[in-house]
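S.K.: The structure is given below, and queries will be raised subsequently.
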Amino acid sequence: MLDYRTSYTYIESEGNQLFTVVMLPGEGKYPTILSRSPYVDSTENMPEEQIALQYLGDNRAWLAAGYALIIQHCRGRGKSSGDCIPYIHEREDGLALQAWVRRQPFYNGEIFLKGGSYLTTVHYATAPFADDIKGAIFGVQDTERYNIAYRNGCFKKGLHGSWYVGMYKKKSKLRKFYTERAFDMLPFSDFSRTVLGEPAEDFDELIRHPDPSDDFWNTRFGGADTRGATDNVKFPMLLTTGFYDIYTGGIFDMWRQMSPETREHAALVVSPYDHGDNGGNSNPIVFPAGKRKEGFGEDYEIRWFDAIRGKGAYPFQPGKITYYRLFENRWATDDFMPHSQERTLTIGGGKVDYVYNPYDAPGFNGGLSAAFGGTQIQEKPGLREDIITVYTKPFEQDTFVKGKIAAKLKVASDCEDTCFYIRLSLETIKGDYGLRDDITTLCRQHPDYVPGQAVELTFSCDDHAFLVRRGERLRIDIASADREHYVRHTNNKGLFSEQTTAKIARNTVWLDESTITLPVE
């Protein structure tokens, strides 16, 4: 007879009361799964008993499998007290929860960590992990805080931008003044005071440090509490992402940074979809059995923890990457080793001059693997004069691209600094399907750039795995901004957040001396 039970309590951490629901399969001692979430605002005005019953109904499969499950509201969210400042207090609160569990009569000596996106970061912050943590499922977020805010010194609008605004002191009911135009303010250092109505020290410090080598990134505000959390873990970890997740590149980097001993007991699973493993609006092409639950069953997470405990086989091969091969429409498992062959294509012929106006910056559909929005069909070429669009020749044979696509552009500008952006898409029947992009600035790669000087910029896209069929073409777009996903470059040299003016740049690209390099099987 089933004897599932649920209760709630408040656990103290640094003077804050953190609402915590405990679900048990019955009397006895159980392996205990911990989950902490800030995305619980809908429960703020619900009775505690109702919340506990709702969570019980949502998690019966875990209880039936013999696990105790604990769900806690993060500081300043849902029923928990305090102020929510993204990332800053998760270490203290997470360790307080673990310490509380160890004192409970239902605890059998085994803790398992489970989360996705921010719900994973709250666990990373508790590293180095205690010996009684026996396994984890770490979904769709990497351990490097820099990736949340920047790509090559260019500030991302969505992650530590609009998302941060929504998270910051959520329960304090601050009067926030946020619109998309807020990212165009000059100087950008006024952002927190203008949008949040008060200075936010962590955010203000972050936008002063676009260089990943700055000492700031070794502080708490810079994510030092999570960096390297998975490098030398002793327990089996399941990592998940998608080729159009906002953290794809960082999660592949995490995998490669792991010690051989850690990686031997871990698995990485990569779907063809986005941060939420969704097709549809954020991915215009539906891939057969492409979602993780479609390919491996609704219960793959339970089976991962069961396998750690010696109850059945692992749903994914430890030590390997299981990934979806787009347009071949199948899953594969291997080491995802660096390419054994390369194919380098010249982007085009001649040179192209264009004007980049920061007050009318171009944008692109879909954030691909570095920002929100997954992939989308691209706008037809030729709609803007400040976007250079080139198609390759049709491929003469089926070609499978696997790994990091690289590009080199020969460029020049009449400004001391400016930005260059490159995006690759695949021409399909439905339209041009976004694949990968990258962004950088002149001064990041050439600190002493002199206006008018021709220089080479290098680009490295996040890992991908897709088939280009015979007769299909790749599309290359080159511009100086992607206003949908990155704060515009003002064409001024110096710290982006302190710029008080913006000016027009006249930029040049030598297409016949620019290339893309495809890693092919």
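S.K.: Mind listing whichever residues of region 428-455 are surrounded by fewer than 22 Cβ atoms within 10 Å (Cβ to Cβ), of a type in the set (A, V, I, L, M) and within 19 Å of SER514 (Cβ to Cβ)?
M.R.: ALA454, VAL455
S.K.: Within region 433-494, considering only strands (runs of 3 or more DSSP E) that don't extend past its boundaries, which have at least 2 residues that are in contact (Cβ under 8 Å) with a residue 60 or more places away in the chain and among the aliphatic types (A, V, I, L, M)?
M.R.: Hits in region 433-494: 464-468, 474-479.
S.K.: Quickly run through region 210-223 and pick out the residues that are in contact (Cβ under 8 Å) with a residue 40 or more places away in the chain and open to solvent by 20 Å² or more (accessible area, probe 1.4 Å).
M.R.: Residues satisfying the conditions are PRO210, ASP211, PRO212, ARG220, PHE221.
S.K.: Can you find even one residue in region 119-127 that is hydrophobic (A, V, I, L, M, F, W, C), touching a strand residue (DSSP E or B) at 6+ places or on another chain (Cβ under 8 Å), under 18 Å from PRO86 (Cα atoms) and open to solvent by 10 Å² or more (accessible area, probe 1.4 Å)?
M.R.: Yes.
S.K.: Moving on. Pull out all pairs, ordered by first then second residue, where Cβ-Cβ is under 9 Å, the residues are six or more apart or on different chains, the first lies in region 159-173 and is farther than 17 Å from ALA371 by Cα, and the second is assigned to a helix (DSSP H, G or I) and open to solvent by 10 Å² or more (accessible area, probe 1.4 Å).
M.R.: LYS170/ASP41; LYS171/ASP41
S.K.: What are the pairs with Cβ atoms under 7 angstrom where one residue, in region 324-349, is without any contact (Cβ under 8 Å) to a residue 24 or more places away in the chain and the other, located anywhere, is of a type outside the set (Phe, Trp, Tyr) and part of a loop (DSSP other than H, G, I, E, B)? Sequence gap at least six, or different chains.
M.R.: Going by the 7 Å Cβ cut-off, the qualifying pairs are THR333/GLN317; THR333/LYS320; ASP334/LYS320; ASP335/LYS320.
S.K.: Considering every residue within region 329-341, establish whether at least one is at pLDDT below 95 and either in a strand (DSSP E or B) or within 30 Å of ASN507 (Cβ to Cβ) (or both).
M.R.: Within region 329-341 (the criterion being at pLDDT below 95 and either in a strand (DSSP E or B) or within 30 Å of ASN507 (Cβ to Cβ) (or both)), the answer is yes, since at least one residue qualifies.
S.K.: If you go through region 12-31 one residue at a time, do you hit one that is surrounded by fewer than 18 Cβ atoms within 10 Å (Cβ to Cβ), under 18 Å from PHE112 (Cβ atoms), free of Cβ contacts under 8 Å to residues at least 24 places away in the same chain and of a type in the set (D, E, K, R)?
M.R.: Looking through region 12-31, none of the residues is surrounded by fewer than 18 Cβ atoms within 10 Å (Cβ to Cβ), under 18 Å from PHE112 (Cβ atoms), free of Cβ contacts under 8 Å to residues at least 24 places away in the same chain and of a type in the set (D, E, K, R).
S.K.: If a residue must be open to solvent by less than 50 Å² (accessible area, probe 1.4 Å), outside any helix (DSSP H, G or I) and over 24 Å from SER425 (Cα atoms), how many such residues does region 243-301 contain?
M.R.: The qualifying residues number 6.
S.K.: Please verify whether region 257-267 includes one or more residues that are over 23 Å from PHE112 (Cα atoms) and either of a type in the set (S, T, N, Q) or out of contact with any Cys (no Cβ under 7 Å at 6 or more places or on another chain) (or both).
M.R.: Scanning region 257-267, I find no residue that is over 23 Å from PHE112 (Cα atoms) and either of a type in the set (S, T, N, Q) or out of contact with any Cys (no Cβ under 7 Å at 6 or more places or on another chain) (or both), so the answer is no.
S.K.: Then there's this: So in region 460-504, with the set limited to residues that are open to solvent by less than 10 Å² (accessible area, probe 1.4 Å) and aromatic (Phe, Trp, Tyr), which one is farthest from ASP414 (Cα to Cα)?
M.R.: Applying the filter and picking the extreme gives PHE466.
S.K.: Here is a further query. Please report, ordered by residue number, the strands (runs of 3 or more DSSP E) entirely within region 1-58 with at least 2 residues that are closer than 15 Å to GLN72 by Cα and of a type in the set (A, V, I, L, M).
M.R.: In region 1-58, 16-24, 30-37 are the strands (runs of 3 or more DSSP E) which contain 2 or more residues that are closer than 15 Å to GLN72 by Cα and of a type in the set (A, V, I, L, M).
S.K.: Could you look through region 280-306, keep only residues that are touching a residue at least 24 places away in the same chain (Cβ under 8 Å) and among the aliphatic types (A, V, I, L, M), and pick out the one that is farthest from GLY403 (Cα to Cα)?
M.R.: ILE302
S.K.: A further question follows. Test GLU110 against the stated conditions and say whether it is open to solvent by less than 50 Å² (accessible area, probe 1.4 Å), in contact with a strand residue (DSSP E or B) (Cβ under 7 Å, 6 or more places away or on another chain) and either β-branched (Val, Ile, Thr) or without any contact (Cβ under 8 Å) to a residue 60 or more places away in the chain (or both).
M.R.: Criteria not met by GLU110.
S.K.: Do you know which residues across region 387-420 are of a type in the set (Lys, Arg) and within 21 Å of ARG325 (Cβ to Cβ)?
M.R.: Within region 387-420, LYS402, LYS404 meet the criteria.
S.K.: Restricting attention to region 165-209, report how many residues are open to solvent by less than 10 Å² (accessible area, probe 1.4 Å) and in contact with a Pro (Cβ under 6 Å, 6 or more places away or on another chain).
M.R.: Going through region 165-209 one residue at a time, the tally reaches 2.
S.K.: Mind checking which residues of region 59-88 are among the polar types (S, T, N, Q) and in a helix (DSSP H, G or I)?
M.R.: Within region 59-88, no residue meets the criteria.
The values are calculated or read from the model by the stated rules, or taken from the named source; none is laboratory data. The shown structure was predicted, so the numbers you read here are calculated from the model rather than taken from an experiment. Every residue, glycine as well, gets a Cβ built from its backbone with ideal geometry; the counts of neighbours run over all protein chains shown. With ligands, DNA and RNA removed, areas are computed over all heavy atoms of the protein, side chains included. Shrake-Rupley method; radii C 1.70, N 1.55, O 1.52, S 1.80 Å.
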